[in-house]
Amino acid sequence: MRLRKERGIIVAFDMENVELATKLAEDLRGVEGNFAIKIGRPLEMQVGKKIITKIKEISELPIIYDGKIADIPYISRKIAEIAYDAGADAVIVQGFVGSDVLKEIRELDKGDLIVVIEMTHKGSDEFIRAEAERIALMSREIGVDGVVLPANKPERLRKLAALIDAYIISPGIKVQGARPGDAILAGADYEVVGRAIYGSEDPKKAAEEIYKEVLERCK
């Protein structure tokens, strides 16, 4: 299942609790709206690649492996291939590793390739920001499927979105300061929400309410 270029919510499974992840995956199965799941390293490190397969089978939603892949082309390709074969519909790769890594993964043609252009934390501004436009243009030239831009830096999102010919996913909603709908109003397609959903008393309800809020603000 490839991600569609339309408004949606990506639920970040960055928790370490496998039981919680499994329950939330069950709750999200059949949920109304455009949803996807992003599996982060904290969860993956509990049981390995099989968590990708498990969450995919339970939820029946598009799965993004958020390994923030950043290695030489050969190793990066291996990591991506393992994730795709485990059931990932997309993998996230750091753009600063360069075009040879992105091309190596692109050649696999097993799923979407999503490239990190800028991140949400302040430290990324010290180095990555200076090269963000170059990374964006490189990603466009290679023909990646999606990119990551920060929801909590709307001015940067808006500026870089103008250089992108791919869907945009934006983390930084709620806990990191952005309101639901902020990123989409600035040019993103998907908003990534993690702790505000899986850390709530009723994660399914939280996901549905955030999705409704996004749709309401972005009419």
>> When you check I64 against the structure, is it in a helix (DSSP H, G or I), buried (at least 24 other Cβ atoms within 10 Å of the Cβ) and at pLDDT 95 or above, yes or no?
In response: no
> Can you name the residue in the stretch 161-179 that is part of a strand (DSSP E or B) and touching a residue at least 40 places away in the same chain (Cβ under 8 Å) and is also farthest from D112 (Cα to Cα) among such residues?
Replying inline: I169
> Just for the stretch 24-36: of the residues that are charged (D, E, K, R) and modelled with pLDDT under 95, which one is farthest from R4 (Cα to Cα)?
Replying inline: D27
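Could you tell me which of the residues A130, A70, A88 is at pLDDT 95 or above, surrounded by fewer than 22 Cβ atoms within 10 Å (Cβ to Cβ) and under 24 Å from A188 (Cα atoms)? Before you say what the answer is, go through the steps one by one.
Values: A130 fails: at pLDDT 95 or above; A88 fails: surrounded by fewer than 22 Cβ atoms within 10 Å (Cβ to Cβ).
Sole residue among the options that is at pLDDT 95 or above, surrounded by fewer than 22 Cβ atoms within 10 Å (Cβ to Cβ) and under 24 Å from A188 (Cα atoms): A70.
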> Taking the stated definitions as given, is G177 crowded, with 17+ Cβ neighbours inside 10 Å and not acidic (D, E)?
Replying inline: no
>> Being at negative phi, assigned to a strand (DSSP E or B) and among the aliphatic types (A, V, I, L, M): is that true of I39 here?
In response: yes
> Hey, among the residues in the stretch 108-123 that are at pLDDT below 90 and surrounded by fewer than 16 Cβ atoms within 10 Å (Cβ to Cβ), which one's farthest from I75 (Cα to Cα)?
Replying inline: K122
> Taking the stated definitions as given, is I52 over 15 Å from the mean Cα position of the chain (by Cα), assigned to a helix (DSSP H, G or I) and modelled with pLDDT of 95 or more?
Replying inline: no
>> Pairs needed: first member in the stretch 58-81, closer than 18 Å to R2 by Cα; second member anywhere, of a type in the set (D, E); C-beta distance under 7 Å; at least 6 residues apart or different chains.
In response: I58/E26; P62/D89; I63/D89; I64/D89
> Considering only the stretch 181-207, how many residues are touching a residue at least 60 places away in the same chain (Cβ under 8 Å) and among the hydroxyl-bearing types (S, T, Y)?
Replying inline: 2
> Out of the stretch 133-152, which residues are surrounded by 22 or more Cβ atoms within 10 Å (Cβ to Cβ) and either more than 19 Å from V193 (Cβ to Cβ) or in contact with an Asp or Glu (Cβ under 7 Å, 6 or more places away or on another chain) (or both)?
Replying inline: I135, A136, S139, V144, G146, L149, P150, A151
> List the pairs whose first member sits in the stretch 118-142 and is more than 20 Å from P154 (Cβ to Cβ), whose second member is of a type outside the set (A, V, I, L, M) and assigned to a loop (DSSP other than H, G, I, E, B), and whose Cβ atoms are under 7 Å apart, counting only residues at least 6 apart or on separate chains?
Replying inline: R140/D165
> From A83, A188, which residue is touching a Phe, Trp or Tyr at 6+ places or on another chain (Cβ under 9 Å), crowded, with 24+ Cβ neighbours inside 10 Å, assigned to a loop (DSSP other than H, G, I, E, B) and not β-branched (V, I, T)?
Replying inline: A188
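Given G111, G143, G172, which one is within 14 Å of the chain's Cα centre (by Cα) and under 23 Å from D85 (Cβ atoms)? Before the answer, list the steps.
Working: G143 fails: within 14 Å of the chain's Cα centre (by Cα); G172 fails: under 23 Å from D85 (Cβ atoms).
Of the residues listed, the single one that is within 14 Å of the chain's Cα centre (by Cα) and under 23 Å from D85 (Cβ atoms) is G111.
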>> Of everything in the stretch 35-48, what is surrounded by 15 or more Cβ atoms within 10 Å (Cβ to Cβ) and touching a helix residue (DSSP H, G or I) at 6+ places or on another chain (Cβ under 8 Å)? Give them in sequence order.
In response: F35, I37, I39, L43, E44
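The values are calculated or read from the model by the stated rules, or taken from the named source; none is laboratory data. Quick caveat, the model's predicted, so the values are computed rather than measured. Ideal geometry is used to build each Cβ from the backbone, glycine not excepted, and the neighbour counts take in all protein chains shown.
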